[in-house]
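The values are calculated or read from the model by the stated rules, or taken from the named source; none is laboratory data. Every value quoted in this text rests on a predicted model; they were computed, and no experiment measured them. Cβ coordinates were reconstructed from backbone atoms using ideal geometry, including for glycine residues, and neighbour counts include every protein chain displayed.
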Amino acid sequence: MIPAKFDYVKPASLADAVAALQQAGDDAKIIAGGQSLLPVLRLRMAAPSVVVDLGGIAELKGIREDGDKVVIGAMTPYYDILRDDLVKQHLTLLAQAVATVADNQVRHRGTLGGALAHADPAGDLGAPALVLDAEMVITGPGGTRTVAAADFFQGLFSTALGEADILTEIRFPKFTGWRTHYEKFNRTAQAWSMVAVGVALKIDGGTISEARVGLTNMGDRPLRATAVEQALVGQQATADVAKAAAAHAAEGTAAPSDADAAADYREHLARVLTGRAVLAAAG
Amino acid sequence: MTQIRVTVDGVEYADDVEPRMLLVYYLRERLGKTGTVVGCDTSNCGACTVHLNGQSVKSCSVLAVQADGAEVTTIEGIARDGQLHPVQQAFHDNHALQCGYCTPGMIMQAIDLLGDNPDPDEQEIREGLEGNLCRCTGYHNIVRAVQDAARRMKPGASADTPAPAAVAGGGQ
């Protein structure tokens, strides 16, 4: 399987990349790590006339601390995220989710920014970004702006990014000391999530003082399970509490039915996985 | 056409390629390095695994133009002075292949795995090879071969490798 023909541009700066996208119009695609895009191109599910490679822009890669934020460059590969001390200390949920993505070879190439911009509802990075209040920094023809994760995901493979916009970095507040877990269900190694649940709990003296729960593949975009969160706050992190809270996991969702699973089975999975994730996070 | 410069198995090449050319086809069809095979063409099987700047990648999921300026190592570039790489030798000695189609990718991923974790336990090996599918062996002898290779590659271990077993399939 060979992709359709395209022109290839590898700009050396962000400004050049935006200009290249503007020039190419609506028929351009950005390539980051390419681990989602190349399979799509090979299957000819997409046939852009121009592919703009961000691999030549060094400033898009790397992880740094900025006051009370951890900032991850959009082109930072999963492999680097998994080994980063700031992530290990402040963003454990992100690391747990990244560890479930595909396989080692793909994690060497695939990038956080690429995954978020691709916005596949079965992708594992959207729900953690939502749970962790990520801010997406976007540069386009009109300059630079910041969009909250809650406003970034707009539907199936659809985000707040415009045609000539580039996601440059993802800013996370520090979730230091929070207890987290990402529980993913799929049937084969390396597969996409049939459903997955990301949980972050703040536990003070055995009581859950704050709870954040995100769902993967329970709608056309990542979702927060707010009813579960409300049911957890103020409670002890026991098996009974987890089970009672998890019963709300499918509320307000719009799970798809497809070859992998029917919607009602996904709803069942969301409840079961939420219960497991809460208990695993509480430890 | 876009010009690329790559170093493959220690040899520098400069070539004009179509941007849509996948790295695996560049290696096979342009350079004749058919040791790297195409298994699934869907990013699942890992048979096409090579090292790009020292990290394992699926070469069906990298454009040749993305490898511009990079160093690529294939299964054809890991033996030294006529001696198989310790992982190759361990696959041979442990009967870690049947049809052999997945073997180039398995060995390249095993080398990457041992670079990150020189002393993996069985579970770590199985997870490290998650992106490589074998439809013959059931993986057991592959895992044994990687454990064996880890022992051989430990600092201080003898570089000599034992002669292959006389009877194929003789387990340990």
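Inspection of the stretch A:106-128 finds no residue satisfying the criterion of being in a loop (DSSP other than H, G, I, E, B), farther than 19 Å from A:Q35 by Cβ and touching a residue at least 60 places away in the same chain (Cβ under 8 Å).
Are there any pairs with C-beta distances below 7 angstrom linking a residue in the stretch B:41-58 that is within 7 Å of another protein chain (Cβ to nearest Cβ) and under 21 Å from A:L41 (Cα atoms) to a residue that is outside any loop (DSSP other than H, G, I, E, B) and of a type in the set (K, R), with the two at least 6 apart or on different chains, and if so which? Close Cβ pairs satisfying both conditions: B:D41/A:R42; B:S43/B:K58; B:G46/B:K58; B:T49/B:K58; B:V57/A:R109.
Scoring A:L156 on the criteria (1) assigned by TED's automatic domain parsing to the domain that holds A:D85; (2) more than 30 Å from B:E130 (Cβ to Cβ) leaves a single failure, condition (2). So is B:D41 more than 14 Å from the chain's Cα centre (by Cα) and either under 30 Å from B:G138 (Cβ atoms) or among the basic types (K, R) (or both) or not? So B:D41 passes the test.
Which of the residues that make up the stretch B:1-20 are in contact with a Lys or Arg (Cβ under 8 Å, 6 or more places away or on another chain), more than 15 Å from A:K10 (Cβ to Cβ) and either of a type in the set (A, V, I, L, M) or not assigned by TED's automatic domain parsing to the domain that holds B:Q66 (or both)? Once the filter is applied, which keeps residues that are in contact with a Lys or Arg (Cβ under 8 Å, 6 or more places away or on another chain), more than 15 Å from A:K10 (Cβ to Cβ) and either of a type in the set (A, V, I, L, M) or not assigned by TED's automatic domain parsing to the domain that holds B:Q66 (or both), the stretch B:1-20 yields B:V8, B:A14.
The residue pairs whose first member lies in the stretch A:175-186 and is under 26 Å from A:A102 (Cβ atoms), whose second member is basic (K, R) and surrounded by fewer than 19 Cβ atoms within 10 Å (Cβ to Cβ), and whose beta carbons are closer than 7 Å, counting only pairs six or more residues apart or on different chains, are A:W178/A:K202; A:E183/A:R276. Considering the conditions (1) buried (at least 19 other Cβ atoms within 10 Å of the Cβ); (2) closer than 28 Å to B:D112 by Cα, A:L167 is excluded by exactly one of them, (2). Between B:V72, B:V65, B:V38, the distinction of being outside any strand (DSSP E or B) and either in contact with an Asp or Glu (Cβ under 9 Å, 6 or more places away or on another chain) or more than 22 Å from A:L37 (Cβ to Cβ) (or both) belongs to B:V65 only. If you filter the stretch A:5-42 down to residues that are within 8 Å of chain B (Cβ to nearest Cβ) and assigned to a loop (DSSP other than H, G, I, E, B), you find that the one that is farthest from A:G140 (Cα to Cα) is A:K5.
Scanning the stretch A:1-28 for residues that are closer than 26 Å to B:T42 by Cα and touching a helix residue (DSSP H, G or I) at 6+ places or on another chain (Cβ under 9 Å) yields a count of 10. Any residue in the stretch A:81-99 that is in a strand (DSSP E or B) and crowded, with 24+ Cβ neighbours inside 10 Å? The answer is no; no qualifying residue exists. Residues in the stretch A:207-225 that are part of a strand (DSSP E or B) and surrounded by 23 or more Cβ atoms within 10 Å (Cβ to Cβ): A:I208, A:A211, A:R212, A:V213, A:G214, A:L215, A:T216, A:L223.
Being at pLDDT 95 or above, in a strand (DSSP E or B), over 17 Å from the mean Cα position of the chain (by Cα) and not acidic (D, E) is a description that does not apply to B:V50.
All of A:I2, A:I57 fail the test of being within 14 Å of another protein chain (Cβ to nearest Cβ), surrounded by 13 or more Cβ atoms within 10 Å (Cβ to Cβ) and out of contact with any Phe, Trp or Tyr (no Cβ under 8 Å at 6 or more places or on another chain), apart from A:I57. The condition (being assigned to a strand (DSSP E or B), facing chain B (nearest Cβ under 10 Å) and buried (at least 16 other Cβ atoms within 10 Å of the Cβ)) is satisfied by just one residue among A:V51, A:V70: A:V51.
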